[in-house]
Amino acid sequence: MTVQEHTPREPNNVSRRAFIKAVIASGAAVSASAYLFRGSTLIGQGSLPGAVERLMTLNVNGQMRRVDVMKQETLAMTLRYKLGLTGTKLGCDRSECGACTVLIDDVPHYSCSILTHTVRDRKIQTIEGLESANGTLHPVQQAVVDEQGFQCAFCMSGFMMATVGFLKANPNPTRAELAHGISGNLCRCGDYDKILRAMMRGAEYMRST
């Protein structure tokens, strides 16, 4: 049986704990210096190329809403998760189903395919903005209630916003014209006959008011 001799190693002057603390401290110092000198740099140079202001004001349903928006954020995400307007639905999230349709300057758009920072100077209307301040339903909303125009109703808000936008351009459409005008919206229940009947009733209500 042999006894192995161990050569004692010299103690390390820098412990692992001390090393980690030094790294953290140096990182914090760099971050702090970048923050401190950022103001003077940007004052002289303005925004960097491609930079997008995150804190912006949006005109939504007639109200000016201040919101923090990432540069890659879609309007649908902002409306639902930043402003709490969950009437705008996310279906396919790739501009195919129309469930996320909102009006931008009175024109229907898929909000899932529009970056929020591109509409900061435009007027946005969601399904929540159709009802009047005194609680009176919009004619299209009332028509849906009267005709029971949807089955599961997940696609309902998108259809109504598309219809309202279409009726602004063509207030007295035929059934075929209205069907073509809102054909960018899909109903997974396939209840198109009831939907069109309700939307046509909504057009009647709008003309009468």
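The values are calculated or read from the model by the stated rules, or taken from the named source; none is laboratory data. Just so it is clear, the structure is predicted and the values come from calculations on it, not from any experiment. All accessible areas refer to the heavy atoms of the entire protein, side chains included, with ligands and DNA or RNA removed. Shrake-Rupley method; radii C 1.70, N 1.55, O 1.52, S 1.80 Å.
Observations
- Accessible area per residue for the stretch 74-209, computed on protein heavy atoms with a 1.4 Å probe, is 48 Å².
- If you bin all the Cα-Cα distances of the stretch 113-209 at 10 Å, starting from zero, the percentages per bin are 15, 48, 29, 8.
- Per the Debye calculation on the stretch 123-164 with a single equal scatterer at every Cα and no solvent contribution, log₁₀ I(q)/I(0) for q = 0.20, 0.21, 0.25, 0.26 Å⁻¹ amounts to -0.61, -0.67, -0.92, -0.99.
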